[in-house]
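*Asks:* Before anything else, here's the structure in question.
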Amino acid sequence: MPRKTKILLIEDHEPNRYLLTFLLEKNGFEVVAAPDGPAGIALAAREKPALILLDIQLPGMDGHAVARALRRDPTLAHTPLVAVTSYAMAGDQAKAVEAGFDGYLEKPIDPDLFVEQVRCHLRPADPEPGR
Ligand code: MN
């Protein structure tokens, strides 16, 4: 059996963590999750995920600060980084790109589209489970 593609989810809201983990695992991904920025950064360094989903609204260190910290680690500098946020404010997308995000998903997540949206951001060399 091919090794599963590992996704790191950094999200403080437990029901969202549960839903996104469920959808990803159901589609053959392995998920590691953290409830805040510092825990997520430590997990990213240890687990070297294929992609990181990062909530912008986190307690303490916000998603933009977490993104900048992840990008400063040379081993994580090229890991696809996707913002997950309910901030639908003007200029937010530009700010996300500036912080180093590769993509942007808006809450509420559409369960029918979410996994395909994640797959779109995986590097081509990564195995795509379930295919
Ligand atoms: Mn949040």
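The values are calculated or read from the model by the stated rules, or taken from the named source; none is laboratory data. Since we're looking at a predicted model, the values are computed, not measured. Every residue, glycine as well, gets a Cβ built from its backbone with ideal geometry; the counts of neighbours run over all protein chains shown. These accessible areas exclude ligands, DNA and RNA; they are computed on the full protein's heavy atoms, side chains included. Shrake-Rupley method; radii C 1.70, N 1.55, O 1.52, S 1.80 Å.
*Asks:* Which whole-number percentage describes the relative contact order of segment 45-111, with Cα contacts under 8 Å and a sequence gap of 6 or more?
*Replies:* For segment 45-111, the relative contact order is 34 percent.
*Asks:* Students often forget the sequence filter, so: which lysines lie under 23 Å Cα-Cα from LYS26 once same-chain residues fewer than 8 apart are removed?
*Replies:* Those lysines meeting the cut-off are LYS4, LYS6, LYS48, LYS107.
*Asks:* Around GLY60, with a cut-off of 13 angstrom between Cβ atoms, what is the net charge of the other residues, counting Lys and Arg +1 and Asp and Glu -1?
*Replies:* Taking every Cβ under 13 Å from that of GLY60, the sum is -4.
*Asks:* May I ask you to compute the full-extension gain from GLU30 to GLU98, defined as 0.36 nm times their residue separation minus their alpha-carbon distance, rounded to one decimal in nm?
*Replies:* Full extension of this stretch gives 21.6 nm more.
*Asks:* On to the next question. Using a 1.4 angstrom probe on heavy atoms only, work out the carbon and sulfur share of the accessible area of the chain in %.
*Replies:* 54
*Asks:* So, for segment 1-90, what is the accessible surface per residue at a probe of 1.4 Å, expressed in square angstrom?
*Replies:* For segment 1-90, the per-residue accessible area is 48 Å².
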